[in-house]
Amino acid sequence: MGCACCDHDDPKGSCDGSEGCSCGREERVPRSMIFRFAAAFVLFMGAIAVSLARPDAQGISRVLFVISWAVAGAVVVRDAARNALRGELFDENFLMTIASVGALVVGQWSEGAAVMIFYNLGELVQETAVRRSRRSIVELMDVRPDEARLSSSNAIVHPSAVAVGTELLVLPGERVPLDGTIVSGSSSFDTSSLTGESVPRSGMPGTGVLAGFVNGSGSVTIKVTASYADTAAAKMLALTEGAQRRKAKAERFVTSFAKIYTPIVTLSAVALAALPPLVGALLGLGDLSGWESFRPWVYRALVFLVISCPCAFVISVPLGFFGGIGGAAKRGILIKGADYLDALAKTEAVVFDKTGTLTHGSFAVHETVPSGGYDEDALVRLAALAESRSTHPIAAAIRRAAESRGIAMSADRVLSSADIPGFGVSVSVPEGVILAGSERLMEKENVVGPFRRNISDETPGAGTAVFVALNGSFAGYIALGDEPKPESAAAVAELRALGVRSVVMLTGDGSAPAAAVARAVGIDETRAEALPHEKVMFFEELSSQIKALSPKATTIFVGDGMNDAPVLARADVGMAMGGMGSDAAVEAADVVLMNDNPRLVAEAIRVARWTRRIVSENIVLAFSVKIVFLAMGAFGVANMWEAVFADVGVALLATLNALRARR
């Protein structure tokens, strides 16, 4: 079965041609375009050869020119007619049709055919460029495996048929079919197709892996944690494909401008053809006795129409943004739309969350300090019960500490559980109500206790404390540590090198650990102990300050947790650490970083600025050339051949320049 949008076989029959190529193979330019151009060009060259070899056989050469025009222009004329019936009269198809037909009418046979042939050449090159820009998305489709091996029976099934909780066996060299957690075995994984990171990632029991990771040398068994439609690879593909439908302001401007520009130049061409001979006759400088009075001016008007075709900037501007999005995707940066790419280029301030963004988010218990008659094991047991249903990294660290102490704990003993955003959790157990969270939670619930902590303000890896109370009686606290990522300091330095005015850390963690991490990574301004709604308020305050200095400047927020979703949604550009971040953060964000490396924030800004520069170059190039040649055409300096090369030439230059955005 053939694919509906490329020349490959589509054995799954999954491609309907409506939204890109889904057969999993690289897209190619339709053969019909190539054959049409090749046939028209051969006929055109044959007509020129006949004209030169047999001056007495001009009739034959004219017939060949007309056939060449018909082969090259059939689709253009058809599209012009269809658009006219829909009320979309003034487009490039209309301009090319009128200009080429007019050239044939005034006896410029070779020029009339050349208009269509070289317009076809421009369309062919532009189509090739678009499909090459889509290649990165097709490569993302190749990330999704087609097979999954059941651990229980070794049977091969399609990943879409595997339920969450099923155990799968992944052999060396195979792709991980679905997101999951390793339950046995260890290996290293090539994550480059999904994250853009070339360094292999180690995996052992308890390590999370994503669909599309390539297993190294060891066999592993994974327990599936997400269905086929909910894997990170599927979400990444959906986000990247959805980005094609979001236009930047520059794209919207060019599209809107073309709708105004094309009727204006068409009417100007009509005026150029009719007014000069009429005015000349009225002034006694000529007469209107026949067609010859209008012929030179009609020819100038046709030249004017060919030059005025807006396809150079109509095509090259969105192609530039699309190339930038595709190039970013290959680096593990998923930008959900060209408007966000445009906003990234104007970044003047970056606000980071701390845990999981600038730090690893992998906590370990450093100290347990019981109080009120409790011992360390009793304190850890209460805290582990309170955190038994939480997926937060701190909760996981406390549960690991309980297991290492041999403390028996069952989540079934929890009668009810309630999250208190920004504060902690409250759970009911047979013994009563356990509170676990920040010092502010203790104060909120009127728990009285000695809250003094021996936690160093100078050590970046220490300082996060979970306070525990049972039935209003303070039981003590557990101190945990979280080290900054090794890339965090470099990420901050790169942002400053890019000229970002303000780099801020915003966290719900305590002041001491926040200050320690800020010092370690080189951030000067920190806001700590912020609740989700307070994060939004602070972000709006900072954004207003930045816009007061530069109205077009944008402020971005980088986070990974569920509690970051409100400020991610509010930010000019919300950027989520999506490799292992929460679904809420990924959904709320405008940009998703697939490998949780904070240095990708600066890389995203660089890609955006590079893309914007290319788009600006294309706009300036197209308009400059158009204005110069329109003037030349109006004054009779440029002929039809020069008009063709001016139009097609600038379109080709702009298209080739737009392809640079992929790099």
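Odds and ends about this structure:
- Members of region 368-400 that are of a type outside the set (D, E, K, R), farther than 16 Å from ILE434 by Cβ and either at pLDDT 90 or above or within 42 Å of the chain's Cα centre (by Cα) (or both): THR391, PRO393, ALA396, ALA397
- Number of positions in region 109-144 that are in a loop (DSSP other than H, G, I, E, B) and modelled with pLDDT of 75 or more: 0
- Those strands (runs of 3 or more DSSP E) lying entirely in region 497-578 with at least 3 residues touching a Gly at 6+ places or on another chain (Cβ under 7 Å) and not hydroxyl-bearing (Ser, Thr, Tyr): none
- Condition check for ALA588: more than 30 Å from GLY559 (Cβ to Cβ) and either aromatic (Phe, Trp, Tyr) or at pLDDT below 80 (or both): no
- Pair list, Cβ < 9 Å and 6+ apart or interchain, from region 315-336 residues that are closer than 19 Å to VAL650 by Cα and surrounded by fewer than 24 Cβ atoms within 10 Å (Cβ to Cβ) to residues that are modelled with pLDDT of 80 or more and of a type in the set (D, E, K, R): none
- Verdict on PRO421 being touching a residue at least 60 places away in the same chain (Cβ under 8 Å), exposed (fewer than 14 other Cβ atoms within 10 Å of the Cβ) and closer than 23 Å to VAL517 by Cβ: yes
- Residue list for region 490-517, restricted to those being modelled with pLDDT of 90 or more and among the aliphatic types (A, V, I, L, M): ALA490, ALA491, VAL492, ALA493, LEU495, ALA497, LEU498, VAL500, VAL503, VAL504, MET505
- Residues in region 329-351 that are in contact with a strand residue (DSSP E or B) (Cβ under 7 Å, 6 or more places away or on another chain) and closer than 16 Å to ASN595 by Cα: 4 in all.
- Filter result for the condition that a residue is in a helix (DSSP H, G or I), modelled with pLDDT under 85 and surrounded by fewer than 16 Cβ atoms within 10 Å (Cβ to Cβ), over ALA57, ALA81: ALA57
The values are calculated or read from the model by the stated rules, or taken from the named source; none is laboratory data. Predicted model only: the values in this text are computed from it and were never measured. With ideal geometry, Cβ positions are generated from the backbone for all residues, glycine too; neighbour counts draw on all protein chains shown.
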